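Data first, discussion second: the structure below is written as structure tokens.
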Amino acid sequence: MTHRRSRLGSLLAACTALLVGIGVGVAYGAGAGVGAETTIHDPTAYAQRHVGTEGELPALGSAANAAISLQEEYDAGLIFTRELRQRGKIIEDPEVSAYIQEIGHEIASYAQNGQRQFSYHVVDDPTINSFAIPGGFVFINSGLFLATRNESELAAVVAHETAHETQRHIARGIYDQQHASLLSTAAMLAAVLLGATVGGGSPSAMEGAIVAGQGAAIQHQINYTRAEEAEADRIGIYTMASAGFDPLAMASFFQRLETTEGNPAFASAYGFLMDHPVTADRIAEARNRAAQIGRIHHVDSISYGLIRERLRSLVGDPEAAIRYYQSLRANGGGRALDDRYGLAVAYTYAHTPAPAIPILTKLLAENPRVTQLYGALGQAYLANNEPDRSQAVLRKARELFPHNVPITIRLAQTYMQEGLNARAHHILLDLFNVVDPTPEQTRLIARAAHAAGDLADSYYYMSEFYIMNGELERSSGQLRLALEQPNLNPVQRARFSARLAQVRDALDRMKKQDRERARHDRSGRGSGGGGGDGDGDGGH
């Protein structure tokens, strides 16, 4: 066991525990959904000015900064994200991933201290929730996405969670908790909340674990994070308005959550953890700040409605989704673009793709610039055992929209299903020379390279996948395998060798830091200034 791993384990437990008050705060936030009259000529410009004043980053102080560095925040977030990914909880659908990253980065570009790297994900979880993990990792539950009624409401949630990141609430929380038996409380809550997040624990068992835990420390944590929730609300409103979204959407969405609190759909595995009642002050604050900025007329992007309806079948029962859309049609609705698209996606995922094809063909004729329609039609043709037509649709789309990530991935998947692995490898390589891939997309190109017989590149791409997941030892092993392959060309050998040197250098630095921290801890304990690790290994 190394000290670094122990410290990271403690940090991961701590940040997971802090989700009780920070990450799940959206589920109980509330405001007023009342229209505001504006006397401000340019509300967006007003909000942009106030992101740097009302939303100013507080002085954390050297003590809080010493509690956790930015690199350690990222390392802890990477571990948590890797765990969610390995358990299949992160939705890797290329259309969903592309959209949530797009709206997330649009918000982050207007956030104070938003120049840090952010990563946005949709989690396969029907509960209405969202959370932020140290290091710029923001997660939106699929249930929350489906509960929004417009794009500004979704932007409000994303802005709220982004504010938790820019304000470094985890670092401040850890410092505050250092005097309240943080590690023992965090270790208990980490297991409880992570179990709830990945769907692996029963509510009764988790509630029992909390009852057996340190109730006073938990209450202290909850009391502390109420102020952080208010801060995230305040900064989030200015940030979303700066990005051109309606600031009143935060209040209207939270208000709806409050008024429908008794709905069974709002019951979640986190419910017993949420001792954060909606207060009149918080409602008034959200309303007043939105009124100060004034209403901003934001027109929802086409992508918002399409992705919301796509999620309906991705995370639920597609047969139930088909009945839902048929019910809309029977009652005189269901004729909007997003509803017709959603019905076609539901047919495809219900393994009855034939009815989806005419729906999508007609939609494409009406909307030839909507990229998601090409991807869905290509999927439907492939599911209907018509790979040639799938390839034709997707090749045309790739010509119209070069370097569009979802379209290129869909075409690569079609090629791979037909054994055209070299083609898949080629178009993915062309794409990812221009666009940074996600870990799952990096693993896809590794699979394509391996299937095409290019083992050296396959090992190299897998090494990159492990780097993205913070697994440097495994990355080093993949690079060594790549260098052992025969017939490497000079460019490959130079690239692999340079990358292996970088990975080894990073590992050496980590080991050096471990030794320095171990010496520092031994020195502190010798002088009576330190305590135990508190959580064991925390590593592999």
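The values are calculated or read from the model by the stated rules, or taken from the named source; none is laboratory data. Nothing here was measured: the structure is a model prediction, and the numbers come from that model. Using ideal geometry, Cβ is built from the backbone for each residue, glycine included, and neighbour counts are taken over all protein chains shown.
Being part of a helix (DSSP H, G or I) and among the basic types (Lys, Arg) is the filter; apply it to the range 325-343 and report the residue that is modelled with the highest pLDDT.
First pass over the range 325-343, keeping only residues part of a helix (DSSP H, G or I): 325-330, 337-343.
This time we only want the ones that are among the basic types (Lys, Arg), so: 329, 340.
Working: 329: 95, 340: 98.
The extreme case among them is 340.
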- List every residue pair whose Cβ atoms sit under 6 Å apart, with the two residues 6 or more apart in sequence or on different chains, where the first one lies in the range 449-475 and is among the charged types (D, E, K, R) and the second, anywhere, is surrounded by 18 or more Cβ atoms within 10 Å (Cβ to Cβ). 457/449; 464/442; 474/466
- Can you tell me which residues in the range 121-152 are in contact with a Ser or Thr (Cβ under 8 Å, 6 or more places away or on another chain), surrounded by 24 or more Cβ atoms within 10 Å (Cβ to Cβ) and under 18 Å from residue 238 (Cα atoms)? none
- Residues of the range 344-369 classified as assigned to a helix (DSSP H, G or I) and more than 19 Å from residue 94 (Cα to Cα), total: 10
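Can you tell me how many residues in the range 468-520 are at positive phi and either loosely packed, with under 11 Cβ neighbours inside 10 Å or not assigned by TED's automatic domain parsing to the domain that holds residue 441 (or both)?
Filtering the range 468-520 down to residues at positive phi leaves 470, 487.
Retained after the next criterion (residues that are either loosely packed, with under 11 Cβ neighbours inside 10 Å or not assigned by TED's automatic domain parsing to the domain that holds residue 441 (or both)): 487.
Of the residues in the range 468-520, 1 are at positive phi and either loosely packed, with under 11 Cβ neighbours inside 10 Å or not assigned by TED's automatic domain parsing to the domain that holds residue 441 (or both).
Would you please name the residue that is nearest to residue 300 (Cα to Cα), looking only at residues in the range 98-116 that are among the polar types (S, T, N, Q) and either touching a helix residue (DSSP H, G or I) at 6+ places or on another chain (Cβ under 8 Å) or buried (at least 22 other Cβ atoms within 10 Å of the Cβ) (or both)? Please lay out each step first, then the result.
Just the residues of the range 98-116 that are among the polar types (S, T, N, Q), to begin with: 101, 109, 112-113, 115.
Now narrow it down to the ones that are either touching a helix residue (DSSP H, G or I) at 6+ places or on another chain (Cβ under 8 Å) or buried (at least 22 other Cβ atoms within 10 Å of the Cβ) (or both): 112-113.
Working: 112: 24, 113: 26 Å.
Taking the candidates together, the pick is 112.
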- Screening 42, 75 for residues that are modelled with pLDDT under 90, in the same structural domain as residue 230 (by TED's automatic domain parsing) and surrounded by fewer than 19 Cβ atoms within 10 Å (Cβ to Cβ) leaves only 42
- Name every residue in the range 250-290 that is buried (at least 19 other Cβ atoms within 10 Å of the Cβ) and modelled with pLDDT of 85 or more, in order of residue number. 250, 251, 252, 253, 289, 290
- Residue among 379, 372 that is of a type in the set (S, T, N, Q), crowded, with 20+ Cβ neighbours inside 10 Å, touching an Asp or Glu at 6+ places or on another chain (Cβ under 7 Å) and in a helix (DSSP H, G or I): 372
- Message: Any residue that is modelled with pLDDT under 95, outside any helix (DSSP H, G or I), under 20 Å from the mean Cα position of the chain (by Cα) and closer than 17 Å to residue 78 by Cβ - is there at least one of those in the range 439-456?
- Response: no
- Any idea how many residues of the range 405-438 are surrounded by fewer than 20 Cβ atoms within 10 Å (Cβ to Cβ) and in contact (Cβ under 8 Å) with a residue 40 or more places away in the chain? 0
- Task: Could you figure out which of (1) buried (at least 16 other Cβ atoms within 10 Å of the Cβ); (2) closer than 30 Å to residue 406 by Cβ; (3) of a type in the set (A, V, I, L, M, F, W, C) isn't true of residue 455?
- Result: (1)
